[in-house]
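The values are calculated or read from the model by the stated rules, or taken from the named source; none is laboratory data. Since this is a predicted model, take the numbers as computed values, not measurements. We place every Cβ from the backbone using ideal geometry, glycine too, and count neighbours over all the protein chains shown.
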Amino acid sequence: MDASKDRQRLVSPCAGVCILHTETKLCLGCYRTISEISHWQDMSADDQHRVMAELKHRKAPDRPARDN
């Protein structure tokens, strides 16, 4: 059985802060690239899950970690 066929499409992780970091080119709200943002609705569920898994590892270098 192919587990990828059971994957559900995901809601966009957009945080409503659409500002791109000048060096990393990642959105400071959701940490996606412009390509990922613009193609989100066209992505397969597997691709959406792959991007979501990568987001937790992405951070804009000028955004300090929050202690709260």
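Annotations
- For first residues located in the range 4-27 and small (Gly, Ala, Ser), partners that are in a loop (DSSP other than H, G, I, E, B) and lie 6+ apart or on another chain with Cβ distances below 6 Å form the pairs 15/29; 15/30.
- Checking each residue in the range 41-60 for being assigned to a loop (DSSP other than H, G, I, E, B) and at pLDDT below 95 picks out 56, 57, 58, 59, 60.
- Of all residues in the range 1-40 being out of contact with any Phe, Trp or Tyr (no Cβ under 8 Å at 6 or more places or on another chain) and of a type in the set (Ser, Thr, Tyr), the one that is modelled with the lowest pLDDT: 4
- Single residue of the range 13-40 satisfying the filter (hydroxyl-bearing (Ser, Thr, Tyr) and part of a loop (DSSP other than H, G, I, E, B)) that is nearest to residue 55 (Cα to Cα): 31
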